[in-house]
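Heads up, the thing below is written out as C-alpha cells.
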Amino acid sequence: MDIQALSDFLSTFPQPEVDQDAQETFLEIAGYPHFENVASNILRFFFDARAAHGLRTLFLEAMLEIVGATFTPEDLNMTLEAEREVYTEDHLRIDLVIETSRYLIGIENKILHKADNDFKSYEKYLRNRAGNREVVCVLLSLYQMKRGLALESFIPVTYSRLFKNVRANLKRYEPNA
C-alpha cells in the first residue's frame, strides 16, 4: 500500500470536531509536570535510527536538511547514541545529543520557556566531545526565534518546520513503519 492510498483510506473515516480554543495538550491533561522533558524523550526516540519506529534516519535527515548540512546515507545509517539530558563540563544539561559517524548533533528543546541557556557552554562541550565529527547545534522551539549572538552557533528551527520536512520526506520510507 502506498502513502497516497493509505491517506485516501484514512480520509474516509469521520473526522472528529476539534475545539480550536482548547489550550491543554494531551500530555498536560495526563499530568506530566515537565512537558519539555516529555517532548525531548519523544524526540530522542524518533531521532534514534535504531529505534523500533522503523523510520530509520527520517528525522535526522529532515533536521540536517533544514540546517543546511550535507550528508550521505552512510553518514547517518548508524546512530551511535541518542542521549537525553547530557551534562556539560559546567554542569549544565543539553536536552538531546545525537551521535552518528559523521555528526555530533546537540538539540536544545524549548516548548514554553525562553531561550536563556548558556549556549556558549553547550557549544564548547559539543566541540570538545565531537572529535573529528562535524558539530550541528539546533535550538528547536514552538515559536520562531531570531538567530543572534546569545545563541552562538545554535540554529533556530521550529517544530512546524521540522514536521513539515519530515512529512515531505516520509514518502521515501516504508508505509508500514
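For the range 62-172, report the accessible area per residue in Å² (1.4 Å probe, heavy atoms, rounded to an integer).
Values: 5970 Å² over 111 residues.
Computed with neighbouring chains in place, this is 54 Å² per residue.
Which distance in nm do the two modelled labels at Phe35 and Lys124 give, with both placed 7 Å along the Cα-to-Cβ direction?
3.3 nm
Give the shape of the range 84-177 as rounded, prolate or oblate, defined through the alpha-carbon gyration tensor: a ≥ b ≥ c are the square roots of its eigenvalues, a/c under 1.5 means rounded, and otherwise the shape is prolate if a/b is larger than b/c and oblate if not. Don't skip to the end; give the middle numbers.
On the way: a/c = 2.12, a/b = 1.34, b/c = 1.58.
Verdict is oblate for the range 84-177.
What are the ³J(HN,Hα) couplings of the range 97-106, residue after residue, when phi is run through the Karplus curve with 6.51, -1.76, 1.60 and θ = phi - 60°? Round to Hz, x for glycine and proline.
10, 10, 10, 10, 5, 9, 10, 10, 10, x
For the range 49-64, what does the Karplus curve 6.51 cos²θ - 1.76 cosθ + 1.60, with θ = phi - 60°, yield as ³J(HN,Hα) per residue in whole Hz, taken in order and with x for Gly and Pro?
Karplus-based 3J(HN,Hα) across the range 49-64 equals 5, 8, 5, 6, 5, x, 8, 6, 9, 3, 5, 4, 4, 4, 5, 5 Hz.
The values are calculated or read from the model by the stated rules, or taken from the named source; none is laboratory data. Computed from a prediction, not measured in an experiment: that's the story for all the values here. Every residue, glycine among them, receives a Cβ derived from its backbone with ideal geometry; neighbour counts consider all protein chains shown. Heavy atoms of the whole protein, side chains included, go into the accessibility calculation; ligands, DNA and RNA do not. Shrake-Rupley method; radii C 1.70, N 1.55, O 1.52, S 1.80 Å.
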